[in-house]
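The values are calculated or read from the model by the stated rules, or taken from the named source; none is laboratory data. Here the structure is a predicted model, which means the values were calculated and not measured. Neighbour counts are summed over all protein chains in view; Cβ atoms, including those assigned to glycine, are modelled from backbone coordinates with ideal geometry.
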Amino acid sequence: MSNGCPNSVPTHARSLVFIGLERSPPYILEASKIPNELEEGEVLISVELAAICGSDIHTLVGQRSTPHPCVLGHEGCGVVVRSGRPDVQEGDRVTWGISTICGNCLLCSLGLTNKCENQIKCGQVIIKRAALFGSYSTHIRCPAGTPIVTLPPALTPQMAAPVNCPLATMVHAISKIPSIPRPGQPGASVALIQGAGMMGIYAIALLKEAGFSKVYCIDMNRSRLSRAVEFGATPVHPDQAWPNALDPNEEIVSPDSVDVVIEACGNKEVLTQGMRTLRVGGTYILVGLVHKDSKLNVLAQTVVTKCLTLIGVHNYTSQHLEEAVKFLSQHHDRYPFSSLMGPIYPLSEFRNAVEGAKSAHFFRVGISPHM
């Protein structure tokens, strides 16, 4: 049932539809009818801004299998124009979860709602099952069970569009750290982030605000490393004799000196490096290795004798999404989050947007469906 006024909403949405890699290009712009009424629990949102995630690039280059036809995209924010939920009101600026939650399956009962057995994934679902559930569209129709979080006015679309993927995922990852340090305390206070992409940048800010005294960040891209410094990181470049830092006067990362390592780069070769830097009893959190080329060559003896904890984190729960929005709201004026968004393209220039995203010159490239 819809609480909205059908006259305030267009009759059709315009969407970017993935039609398969056997087609060239593998996507088309398509118009689809917007229903006059929603089913109970559904929410219709006019998309303000979407962002191109690396996983969508993986789909377009054949590194990820995605059912089709589907409306691509999952990162984004927008304004509610119709609501079939009592807790979501028309006119609310919101972001949404990247998958639905049934709340009834075994995994949901265990608290693993991010792995719900009945989930529908935004940007990865055949249109017949959930029409318009993708962010590369003028309107996104979120099915029942989709987490919806209200955005405060201070969060611009450039800040808010990526909150529901890399930031919420990294909030989840950092929640797995066994102990959060206090300033001046010995113990778990030094971290190494492997990768200065969007997740790595968010991880730096989250760890600094959590009280970590030192956060190292390693990446091949010197430009991204320089940006990591703006968020509080000590940069490390692998081209130099590891583990020297870019600044020869800066303290270096030595073996057995780091309490937490977070892999956020998707490169399986970094594992040996990370385990060498971890102290006895340290924690290794894997976040970026969500692709097929991720078979690890790890010496189990190191894991056992150093008593390491290895944790895999995939996506997030609704609680993590709420915490991500709260974190961004509290700290948006302390860090240059809005500058992480690069150029913004209309849907009609999606090819150019993808090329911009693939170039690695920008942390994120935006899609403005109403341009």
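What the table shows:
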{"read-out": "Output for segment 304-328, where each listed residue is β-branched (V, I, T) and under 23 Å from L289 (Cα atoms)", "value": "V304, T309, I311, V313, T317"}
{"read-out": "Among residues of segment 123-143, those that are over 17 Å from M371 (Cα atoms) and either surrounded by fewer than 23 Cβ atoms within 10 Å (Cβ to Cβ) or not aromatic (F, W, Y) (or both), counted", "value": "14"}
{"read-out": "Residue list for segment 20-36, restricted to those being of a type in the set (K, R) and either at pLDDT 95 or above or under 22 Å from G76 (Cβ atoms) (or both)", "value": "K33"}
{"read-out": "Of all residues in segment 233-258 being modelled with pLDDT of 80 or more and buried (at least 19 other Cβ atoms within 10 Å of the Cβ), the one that is nearest to I201 (Cα to Cα)", "value": "A233"}
{"read-out": "Helices (runs of 4 or more DSSP H) completely within segment 267-371 that count 1 or more residues being at pLDDT 95 or above, basic (K, R) and out of contact with any Pro (no Cβ under 7 Å at 6 or more places or on another chain)", "value": "318-331"}
{"read-out": "Filter result for G145 (small (G, A, S), part of a loop (DSSP other than H, G, I, E, B) and at pLDDT below 95)", "value": "no"}
{"read-out": "Residue within segment 59-78 that is assigned to a strand (DSSP E or B) and either surrounded by fewer than 24 Cβ atoms within 10 Å (Cβ to Cβ) or not assigned by TED's automatic domain parsing to the domain that holds I28 (or both) present", "value": "no"}
{"read-out": "The listed residue being touching a residue at least 12 places away in the same chain (Cβ under 8 Å), more than 20 Å from S15 (Cβ to Cβ) and surrounded by 14 or more Cβ atoms within 10 Å (Cβ to Cβ), out of S329, S338", "value": "S329"}
{"read-out": "Yes/no for K176 being under 21 Å from V303 (Cα atoms) and either over 27 Å from the mean Cα position of the chain (by Cα) or at pLDDT 85 or above (or both)", "value": "yes"}
{"read-out": "Residue pairs meeting the criteria (Cβ under 7 Å; at least 6 apart or on separate chains; first in a loop (DSSP other than H, G, I, E, B), in segment 17-34; second of a type in the set (K, R))", "value": "P25/R351"}
{"read-out": "Test result for V17, closer than 25 Å to P86 by Cα and either touching a helix residue (DSSP H, G or I) at 6+ places or on another chain (Cβ under 8 Å) or modelled with pLDDT of 95 or more (or both)", "value": "no"}
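Let's see how each residue does on (1) without any contact (Cβ under 8 Å) to a residue 60 or more places away in the chain; (2) over 26 Å from G312 (Cβ atoms):
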{"position": "P69", "(1), (2)": "yes, yes"}
{"position": "R85", "(1), (2)": "no, yes"}
{"position": "V88", "(1), (2)": "no, yes"}
{"position": "S99", "(1), (2)": "no, no"}
{"position": "L110", "(1), (2)": "yes, no"}
